[in-house]
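Worksheet: the structure to be examined is printed underneath.
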Amino acid sequence: MSNRPELKDLFFSRTNDFLNIFLLKQECRSKETIKAYRISLNDFFSYVTDVVGNNVMKFRFVDCTYDFVLVYSQYLHKTRNLASSTVNQKIAALKSYLKYVADDDIALVQVYMAVQKVPNLKTAKLQRPIISREGLSALFEAPSDTKFGRRDRVILIMLFDTAIRVSELINILLGDINLDVEHPTIVIHGKGKKTRSITLNRKCAAHLKSYIIHYHSMDADKNTPLFYTIIHGKMNKMSSRNIERIVKKYAELAKVKSGILPDSVYPHMFRRTRATGLYRDGVPLEMISAILGHENSETTKIYAIPSVDQLRSALEKGQPEGADEEKIWEGKTDEIRRLFGLI
């Protein structure tokens, strides 16, 4: 009798379905995301076969234990010298694959739960730059009062006011916009074909209405892209690269005039700036998460950067009037570090 395991028990027996059916057709993940998953699973394949020396036709799901993946994580970090964040991404892809197979086979739930407990490597948290209020004003004033300048100003204002991704901005159609109501709204087509409705403030709505009048005819089809380019007489939705060029162009102009912008300004910085501003204004993370189109509010926490006033307020909370501030915090170095985001 052969000791060869059944095909369904082999670890890599479901990777094709996972990548080309589940992620692509059911989850509607982007090509870039699927490519990243494929690379991660390929790396694990190479580790199993080339480094450990296992026969891939004998390596089963049950062989993928907590200890096996933990050692793999250390191999990526210590031997291949990959950054902690990169290692975490590769392990996350592995966990996602195991969750997929476990959802379809209850016998593999234990395997998934064990690997799920493999800890992430600690990563240095960098506070990414945001644009100051003065910097935003300088940016919005940079475009000239011409047809193209008015278009570019609307793009800059919308990137900030709506906090949408560039991919979401260029996918807006005229039919997604409703300006002739008390609270103007736009339907946003987000990741995974998920839609959400966002409300525009009066200033943004006014700029957008003026732009539409100048760039679209009264009888324009509702499926016409809001922002477009004309190439060889044919209308195409504006590319993300074009949006990036517009942002870079006016950031450089504004920097020359004001000198108060970060060294590099790019579209996503508007989203980060808006989300951080909402957090500092006291908007709950769950609400900010809904505005940004995040499925999980945990994702939104990267934008929860407290202001100096918020830190000062936190320090003062619970402090008795007239108390000696040095004695209150004596021996609590770690608490102070954590409060200021140093730990």
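Values in this text are rule-based calculations from the coordinates and carry no lab data. What you are looking at is a predicted structure, and each value in this text was computed from that prediction instead of being measured. FYI the Cβ positions are ideal-geometry reconstructions off the backbone, even for glycines, and counts take in every protein chain you see.
Quick notes on this structure:
- Solution diffusion estimate, µm²/s, Stokes-Einstein, the range 1-142, Kirkwood Rh from C-alpha pairs, 20 °C, viscosity 1.002 mPa s: 125
- Taken about its Cα centre, the chain carries a charge dipole of about 1100 debye when Lys and Arg each add +1 at the Cβ and Asp and Glu each add -1 at the Cβ.
- Here is the P(r) of the range 133-303: all C-alpha pair distances, binned every 5 Å from 0, give 1, 8, 16, 21, 21, 17, 10, 4, 1, 0 in whole percents.
- Cβ-defined net charge surrounding Arg245, 14 Å radius [Lys, Arg +1; Asp, Glu -1]: +1
- Debye intensity ratio in log₁₀ form over the Cα atoms of the chain, taken at each q of 0.08, 0.14, 0.15 Å⁻¹: -0.57, -1.19, -1.25
- Using the Cβ-Cβ distance between Asn55 and Lys99 with R0 set to 35 Å, the FRET efficiency from 1/(1 + (r/R0)^6) comes to roughly 0.85.
- Just checking the listed ones, Ile186, Ile177, Ile39: in the Gaussian network model of the chain with Cα springs under 10 Å, the one fluctuating most is Ile39.
- According to the Cα-based calculation, Rg over Rh for the range 159-198 is 0.95, with Rh computed by the Kirkwood formula.
- The range 119-213: C-alpha gyration tensor shape, a/c 1.5 cut-off, then a/b vs b/c: oblate
- In this calculation the C-beta distance from Ala107 to Asn20 is compared with R0 = 41 Å, giving a FRET efficiency of 0.95.
- Hydrophobic long helices, here whole DSSP H runs in the chain with Kyte-Doolittle means of at least -0.5 and Cα atoms spread over 30 Å or more along the helix axis, are found at 84-104.
- Within the chain, longest stretch clear of exposed trypsin sites (Lys or Arg not before Pro) (DSSP loop, no more than 15 other Cβ within 10 Å): 223-316
- Longest site-free stretch - the chain; sites: chymotrypsin sites (Phe, Trp or Tyr not before Pro), DSSP loop, at most 15 other Cβ within 10 Å: 1-328
- Computed extension length for Tyr66-Glu134: 19.4 nm, one decimal, from 0.36 nm per residue of separation with the Cα-Cα distance subtracted.
- With each label modelled as a point 7 angstrom along the Cα→C-beta vector, the Thr195-Lys117 pair spans 4.5 nm.
- Between the listed residues Val69, Pro267, Ala205, the Cα displaced farthest toward the positive end of the dipole of the chain, a dipole computed from Cβ unit charges relative to the Cα centre, is found at Pro267.
- Listed pairs Lys31/Lys99; Lys35/Lys193; Lys194/Lys222; Lys25/Lys99; Lys35/Lys58; Lys31/Lys193 exceeding 23 Å between Cα atoms: Lys35/Lys58
- Prolate/oblate/rounded call for the range 77-161, Cα gyration tensor, a/c under 1.5 rounded: prolate
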